[in-house]
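Here's the structure we're looking at; comments come further down.
The values are calculated or read from the model by the stated rules, or taken from the named source; none is laboratory data. Just so it is clear, the model here is predicted, and its values are computed rather than measured. When we count neighbours, we look across all protein chains shown, and the Cβ atoms used for this are built from the backbone with ideal geometry, even at glycine. Just so you know, the surface numbers come from the protein's heavy atoms only, side chains and all, with ligands and any DNA or RNA stripped out. Shrake-Rupley method; radii C 1.70, N 1.55, O 1.52, S 1.80 Å.
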Amino acid sequence: MWTGCFVGARNRGRAATVSIGGETGRCDRFDSEFGVKPVTATSTTCYRIAKCLRLRLAPFPDLTSAGYVSCTLNRSVVEPLRVEHACRSERRNRDGIGILGLNFSINGNCTACMACVRVCPVEAISVTHDEVTIVGDSCIECGLCVPACFHEAIDVQGELDRCRAAIAADRAALILPTEAIVYFYPATPEQLINACFAAGFDRIYFETVGDELVAGEYLSLWRDNTRRSWLRSTSPIVVNYCRSKLPELLPFLAPVVTPAVALGRYVRQLEASDFEIVYAGVGAPGVNGDQTSIDICISFDELETLLEEANAAPLGQPEAMTRMPPDRHRHLSVAGGLPVAMLEEQKQSSLRFKKERGLDALPAVARAVIGDESALGFVDVLPFDGNLGHPGMGPVEDLFWRKDIAALAEPSRSNHPMVEHVQMDLNMRYNPRHDVIADVDQEEVRRILEKIGTTPEGKHWNTGSCGHSTCVEFAMAVARGRSTLALCPIYLARQFEQASKDALHDGLTGVFTYRVLDERLAEELSRSSRTGTSLGLLFIDLDHFKPVNDNYGHGVGNQILRGVAEVLEDATRSTDIVCRYGGDEFVIVLVNPDRQAADRIADQIRTDVKALRVPVPGGDVGVTLSIGVAYHSGVTGTKMTSEELMAEADAALYVAKAQGGNTVHPIVGGELVR
Ligand code: SF4
Ligand code: SF4
């Protein structure tokens, strides 16, 4: 359990005055960084702001430990969501739902800062009132959430125990992608292979073989000259993104498995059937559902753990091979599985080749292919700049360095095929992921958007403070049960406004409640004594209202009450105060009337209500009312309390009732005339 802290800013402009937890300082960067809309900041941001302001952090433990801030600049501060964590960290049921890959889950360090929600491209992170979870079935293992989380709250796990068991049984074959060489640098590829053998793996294969296998398939597609569009499908992240968000692109994905899966199938042909094929990497080796080629996935961290457990750290291994792994050279392919011939051809200005990096490009590709029916040729699309750009490999700033290391370890090129005479099915058919694209109830989305409301210009707020970039995305996440309206500051502000309004107005008649009468009557009396202005008070009670309810039902009774309230409002000015005192009693405070005006208004009300008719079966029904009028002249210096004035009006009402109802009875000169 944690509590958030507030950041508020005044003085709109490049330099803002900012207060954190009650202390104030100036910040030159604050306003320009956050603009004037509600923002949610992580603890790191708070820390930076605090540092910028030279505020002491010690009095604000929340800044370092909890770190959730919700603020609006130049507007009212919105209460941040308080989350009691019950983060789940469960393993997915590999056999039950056929998930292939690593498990991303959230641990107890989570502070619900929602930084991960903002970067997740497939809304796989669910935030509800009391927990933040990664929905395993929806996660495409892009890894973007890991560097986005400053709290080290996201764990990435493979099936380490299962891998240990396979090693212990001497039936583990390991597939290593090229990234492994970069990950274990400065150990050489030879040292890494020696270490893996020393740790007990029985066979070791580099993914290069898989690249060669799929390159042959891509070459056939490329040489098929029909004018159409093909999307590269060697990245499971791209394929799973399409399956989740753009299923209309599935027919355009090259129907070829990923290099790791191709290699898995190849190894399966070579090795004894009881071998377990282990893949070590930063994400899924293939598309969910392909269970036939790879048995176990582990992360590089977990592989490192295995090597340490076996006392086989790569750097301590001999630099020459102790056991020869299968040959490693390239014939057809480049890293990632595209054929050299195809890349050579496109270099010489092929109009049939497009290169896109980043998942953001895919919606535009979908529009071109589906909407405009363009034949784009081959679209080489990857989520990052190659697998070396995966967030699990480290900061993007170091990518050039990783590429250098990978280039040094690139196997030699040969004129001889690396894999010969192999008969294998490398085809892949893609199905939409129904768990994710399950139809969102559009009516529900519309209702949620209505609750959030729009700006005065009628546009969506799109503040981003809920973790989603647009209100529509947020509403869809709420409709799917992946988020909650409590994360929307605009909705909370509206709720607060509505709650305040509800507390002030009677739900049935719309006039003020007793609470308002209580406050305003005291205020008006004190002003009357100070300024010498007069005050009239009408205490109103409907005559014989109970029989109307009993005979015609509460529906008719309510219509009469609403009709009476309308008459009262019509007869008074906006400065007067009309309240429902309770049941069938009303009170009106007339501000600064003269004596005759107060009596005249009371009599007008009596006449109008008598004329009020409500239709009932076989005719109509009406009521009369009685009014007691009290009057405070406001002569400066004379003082009267609310209770005294109410008691006078009540006594006058009592007399009016005693006279048979449908009567106005005034107090004259403070004396009750009977
Ligand atoms: S897991 Fe997500 S919500 Fe939790 S602290 Fe990390 S970034 Fe914030
Ligand atoms: S790994 Fe990617 S898809 Fe999975 S939760 Fe993180 S950001 Fe979302």
For the range 181-236, the accessible surface attributable to carbon and sulfur atoms (probe 1.4 angstrom, ligands and nucleic acids excluded) amounts in percent to 46
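With viscosity set to 1.306 mPa s at 10 °C, what whole-number translational diffusion coefficient in µm²/s follows for the range 148-211 from Stokes-Einstein and a Kirkwood radius over Cα pairs?
After rounding, the answer is 118 µm²/s.
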Sorted by accessible surface (1.4 Å probe, heavy atoms of the protein chains only), largest first, HIS505, HIS151 come out as HIS505, HIS151
Once the in-chain neighbours fewer than 8 apart are removed, the lysines whose Cα is under 25 Å from LYS451 read LYS37, LYS459, LYS501
With a 1.4 angstrom probe the carbon and sulfur portion of accessible area for the range 505-672, in percent, totals 50
Farthest towards the positive end of the dipole of the range 154-306, among ALA166, ILE204, VAL287 and with Cβ unit charges of +1 on Lys and Arg and -1 on Asp and Glu, lies the Cα of VAL287
Regression test value, accessible area per residue of the range 160-435, probe 1.4 Å, units Å², expected 44
Lys and Arg at +1, Asp and Glu at -1: neighbours of ASP404 with Cβ under 14 Å from its Cβ sum to -3
Counting Lys and Arg as +1 and Asp and Glu as -1 over every other residue whose Cβ sits under 13 Å from the Cβ of LEU315, the net charge comes to -4
Taking alpha-carbon centroids only, the range 587-643 lies from the range 136-191 a number of Å equal to 80
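Assign one of three labels to the range 359-419, namely rounded, prolate or oblate, based on the Cα gyration tensor with a ≥ b ≥ c the square roots of its eigenvalues; rounded applies when a/c is under 1.5, prolate when it is not and a/b is larger than b/c, and oblate otherwise.
Oblate is the answer for the range 359-419, as a/c is 1.5 or above yet b/c matches or exceeds a/b.
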For the range 483-584, the per residue accessible area (1.4 Å probe, Å²) is 49
Per the C-alpha gyration tensor (a ≥ b ≥ c, the square roots of its eigenvalues), the range 505-672 is rounded if a/c is under 1.5, else prolate if a/b beats b/c, else oblate; here it's prolate
Note: THR607 to ARG328 extended length (0.36 nm per residue) minus current alpha-carbon separation gives 90.2 nm
Rounded to a whole %, the carbon-and-sulfur portion of the accessible area of the range 246-372 at a 1.4 Å probe is 53
Env charge @ GLU207, Cβ radius under 11 Å, K,R +1 / D,E -1, value -2
